[in-house]
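First up is the structure itself, then whatever we jot down about it.
The values are calculated or read from the model by the stated rules, or taken from the named source; none is laboratory data. Everything quoted here is computed from the prediction, not taken from an experiment. Note that each Cβ is placed from the backbone with ideal geometry, even for glycine, and that neighbours are counted across all protein chains shown.
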């Protein structure tokens, strides 16, 4: 029974689940994990197409940071005993297709995709930070720290994208809007399923 | 997935939240009980207040620091007492009435519950799951202290499922009845919830750290193993249910094999995808170089 489980101590790590607002934390970790997983796949798709181009190293570096993010959320997921979203296999494919597809539009297309996604993600992290601050900043200190750090990283990726002429991409505003709508839908679904 | 329990299932919540009596989340429960039981207006107050017109039940253990018992705690105690009478009366209001009588209450206390015995069964299942969790927690402590060997996964799963199913043995005659009541539409959400959290617990203590789709496949497989073994147990007449445990062993072994087959399928799939990607990139760079020329 869900209510009784809150008082169990997590065995493999030292996170105590005592008094944690399970529904809120579950959603936050599940959707963030899905987001980092998706971001990983997007960069993988971009690298598959643009890996040997001049922006290859830039994308690789951003990808490496996303890999670290995903690793961290994997740990948090186990620590807080959160289930992953059932849509992971779908995000696996969709992320890769989005990354590869935007990269096939050229380097600027890839950067435009990066800008769109990273903007969505940092807005999303910001609202999570607000939620956690409203809940209990002390209790969720570690989680808040992690999300703040990651939000800063994503903003940096967003700025890198802009520096590399994202706005000069073909149909930039249409592309950006479409991608951000997709991100909103992905966030909505991953929180719940 | 956390479901909202309907008011008749507050007894289920009662047994599960015994350790969270003072938790603020009980306010919604208190207000829903207000609708049903107008003769207990004191439920409106948070349980921390010691004074109340109801008689206090002291010396029963688990009272925390209050001498005022909440309705949830009372229901929990009645249902626990009723379990003793299940082998004789089945999962029925009669068993609950008998249980209430042993606590010095009137048999009419059974009126607090559904007439089909749902709460009693859910309470029992919840109690068994809690016992299982405690057992697994203790075993884990022993392993951490170095006093016991860490079991291989298949043995761990076998032992955990067996321990849990053994808790049914005193009630085995009436368990098929309980299973059919649990399949009633209004019990399915709570029953499913209890099942999934038990399976999740077992995997958690088995050391599952998957964060991908494996999380689901493992739990689905173990749920299948548990349910089929439970059904086999209902029809087993061998001494100490040894046929059941042998069945369990075979199913767990099958599941382990399934794992390695799945890995093979996945690596094949990955190889195919890589091949396709390589082909796509080669074609697109061939196109670009042809365009340049």
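Worth pointing out:
- Residue B:200 being surrounded by fewer than 20 Cβ atoms within 10 Å (Cβ to Cβ), within 14 Å of chain A (Cβ to nearest Cβ) and modelled with pLDDT of 95 or more: yes
- Single unsatisfied condition, residue A:86 versus (1) closer than 23 Å to residue A:185 by Cα; (2) at the interface with chain B (Cβ under 10 Å from one of its Cβ atoms); (3) part of a helix (DSSP H, G or I): (3)
- Filtered residue count, the stretch B:134-165, keeping only those that are under 19 Å from residue B:227 (Cβ atoms) and in contact (Cβ under 8 Å) with a residue 60 or more places away in the chain: 7
- Number of the exception - residue A:80 against (1) more than 10 Å from chain B (Cβ to nearest Cβ); (2) buried (at least 20 other Cβ atoms within 10 Å of the Cβ); (3) farther than 20 Å from residue B:270 by Cβ: (2)
- Residues of the stretch B:219-238 satisfying the condition of being under 19 Å from residue B:261 (Cα atoms), more than 11 Å from chain A (Cβ to nearest Cβ) and surrounded by 15 or more Cβ atoms within 10 Å (Cβ to Cβ): B:221, B:222, B:225
- Here residue B:138 passes the criteria (1) within 30 Å of residue B:78 (Cα to Cα); (2) within 14 Å of chain A (Cβ to nearest Cβ); (3) buried (at least 16 other Cβ atoms within 10 Å of the Cβ) except the one numbered (3).
- Single residue of the stretch B:115-148 satisfying the filter (over 19 Å from the mean Cα position of the chain (by Cα) and not in a helix (DSSP H, G or I)) that is nearest to residue B:162 (Cα to Cα): B:148
- Any hit, the stretch B:251-264, residues being buried (at least 19 other Cβ atoms within 10 Å of the Cβ) and out of contact with any strand residue (DSSP E or B) (no Cβ under 8 Å at 6 or more places or on another chain): yes
- Scanning the stretch A:89-107 for residues that are surrounded by fewer than 20 Cβ atoms within 10 Å (Cβ to Cβ) and under 16 Å from residue A:46 (Cβ atoms), we see that the one that is farthest from the other protein chains (Cβ to nearest Cβ) is A:94.
- Subset of the stretch B:94-111 (residues that are surrounded by fewer than 19 Cβ atoms within 10 Å (Cβ to Cβ) and in a helix (DSSP H, G or I)): B:94, B:101, B:102, B:107, B:108, B:109, B:111
- Some residue of the stretch B:205-213 being touching a residue at least 60 places away in the same chain (Cβ under 8 Å), more than 14 Å from chain A (Cβ to nearest Cβ) and surrounded by 14 or more Cβ atoms within 10 Å (Cβ to Cβ): no
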